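*Asks:* Structure provided below as structure tokens; questions to follow.
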Amino acid sequence: MNRVTGVCGVLLLLLFVLAPAAQAQNEGRREVLRAADGFPIHITYYPFKESKENTGTTALTAPVVILLHGSGENRLLWDKNSAPRDQDPFPILLQKRGYVVITVDLRKHGDSVASPGGEAAVRDADFPAMVAGDLVAIKEFLFAEHQAQRLNMQKLGIVAIGTSAAVAAAFADFDWSQLPYDDAPILANKTPRGQDVKALVLISPENQAGRLRTVNSLKTLRRRTPFIALQVVVGGQDNAAKRQAQSIFDAYAPRGGETNPRFEFLTPDTKESGMALFRQASVYAFVFKFLDTQLKPMDVQWRDRRSQLE
């Protein structure tokens, strides 16, 4: 779907989503998680809240979206500066409409530093650690919230900018590699341990982040499951970035995927990239629309995620 304007339904969506924010107050709370290696991971957690905008959504059906920043950035861009002028930051928009949201300071970014005076430079080995450490710690946090019936972790989406696209793709592949517990004779009745990521949105995606390669992760992920919804957005005036984004999209989307609503490749006519690209009104609205049509309405019943043998 190589388009960003011209559809009546999208214009209506823009009028709805981009109505002036009454008061864009931060409705998240700060949490500090611990990765397996002890690294502190700072997040802002936006829990499910009932509101007039999300009629029909309950905590047991609430989808979850993780928002990842780009290289050298931090979660405050999402928390405070992720919307067109006079609109709600994206986490607030999602929360108002029935989503649970987590914004993250990946290790060595923002508040997520090991100790005062510790090494600040991001090394190649840090990117795999963001997958196996940072995002796994977030998944464990979501597991606890899921078991407390505050969200449905089986409806999980990730929005990633720049280099964090490689982190998101690698984590999705890791998540889908987790075999269910051997706690029932029939596969459909076994309790899943992963396979929760159902949507990926990649903004100005880069193929390389240290030792991670976005294309390689998506190719492996496609062999595991063809059912994750994928949206890729890149500025149309940057030919090099557009070619890289196209190769990333093609690594997962089936041939002809641009005509399938579950796979979108958008090239707005701009030279902007990253968060500056996301803040454009059309992109902001299209990402919301994608999550609202491909993730939120999924018919995935809440289930106890503990092994039945426990």
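The values are calculated or read from the model by the stated rules, or taken from the named source; none is laboratory data. Computed from a predicted model, the values in this text were never measured in an experiment. Because the Cβ atoms are built from the backbone with ideal geometry, glycine has one as well, and the counts that use them run over all protein chains shown.
*Asks:* Yes or no: the range 14-31 includes at least one residue that is of a type in the set (D, E), modelled with pLDDT of 95 or more and exposed (fewer than 15 other Cβ atoms within 10 Å of the Cβ).
*Replies:* yes
*Asks:* Picking from V215, V232, which residue would you name as being in contact with a helix residue (DSSP H, G or I) (Cβ under 6 Å, 6 or more places away or on another chain), surrounded by fewer than 20 Cβ atoms within 10 Å (Cβ to Cβ), at pLDDT 95 or above and not aromatic (F, W, Y)?
*Replies:* The unique qualifying residue is V215.
*Asks:* For the range 250-300, how many residues meet the condition of being part of a helix (DSSP H, G or I) and more than 14 Å from V159 (Cα to Cα)?
*Replies:* Summing the residues that are part of a helix (DSSP H, G or I) and more than 14 Å from V159 (Cα to Cα) in the range 250-300 gives 10.
*Asks:* With the requirement that a residue be small (G, A, S) and within 15 Å of the chain's Cα centre (by Cα), what does the range 61-83 give you? Before you say what the answer is, go through the steps one by one.
*Replies:* Narrowing the range 61-83 to residues small (G, A, S): 62, 70-72, 82-83.
If the condition is that a residue be small (G, A, S) and within 15 Å of the chain's Cα centre (by Cα), then A62, G70, S82 are the ones that fit.
*Asks:* From the list D269, D304, D299, which residue is surrounded by fewer than 17 Cβ atoms within 10 Å (Cβ to Cβ), under 20 Å from G236 (Cβ atoms) and over 16 Å from the mean Cα position of the chain (by Cα)?
*Replies:* D269
*Asks:* While we're on this one: Of all residues in the range 199-240, which are touching a residue at least 60 places away in the same chain (Cβ under 8 Å), outside any loop (DSSP other than H, G, I, E, B) and small (G, A, S)?
*Replies:* A199, A209, A229
*Asks:* If I filter the range 51-95 down to residues being part of a loop (DSSP other than H, G, I, E, B) and among the basic types (K, R), which single residue comes out as nearest to S112 (Cα to Cα)?
*Replies:* Taking the candidates together, the pick is R75.
*Asks:* In addition: Pairs, please: C-beta under 6 Å, at least 6 apart or cross-chain, first residue under 16 Å from K198 (Cα atoms) and at pLDDT 95 or above and in the range 244-261, second in a helix (DSSP H, G or I) and not acidic (D, E)?
*Replies:* Partner pairs satisfying both residue conditions: Y252/L218; Y252/R222.
This table checks each residue for (1) in contact with a Lys or Arg (Cβ under 7 Å, 6 or more places away or on another chain); (2) modelled with pLDDT of 95 or more; (3) surrounded by fewer than 18 Cβ atoms within 10 Å (Cβ to Cβ).
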position: P40; (1), (2), (3): yes, yes, yes
position: Y46; (1), (2), (3): no, yes, no
position: T55; (1), (2), (3): no, no, yes
position: A62; (1), (2), (3): no, yes, no
position: V65; (1), (2), (3): no, yes, no
position: L68; (1), (2), (3): no, yes, no
position: L76; (1), (2), (3): no, yes, yes
position: D79; (1), (2), (3): no, yes, no
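*Asks:* Of the residues in the range 111-128, how many are touching a Lys or Arg at 6+ places or on another chain (Cβ under 9 Å), more than 25 Å from R213 (Cβ to Cβ) and not aliphatic (A, V, I, L, M)?
*Replies:* Count: 2.
*Asks:* Moving to a separate point now. Just name the residue that is surrounded by the most Cβ atoms within 10 Å (Cβ to Cβ) out of those in the range 182-198 that are part of a loop (DSSP other than H, G, I, E, B) and hydrophobic (A, V, I, L, M, F, W, C).
*Replies:* Filtering first and then ranking leaves A184.
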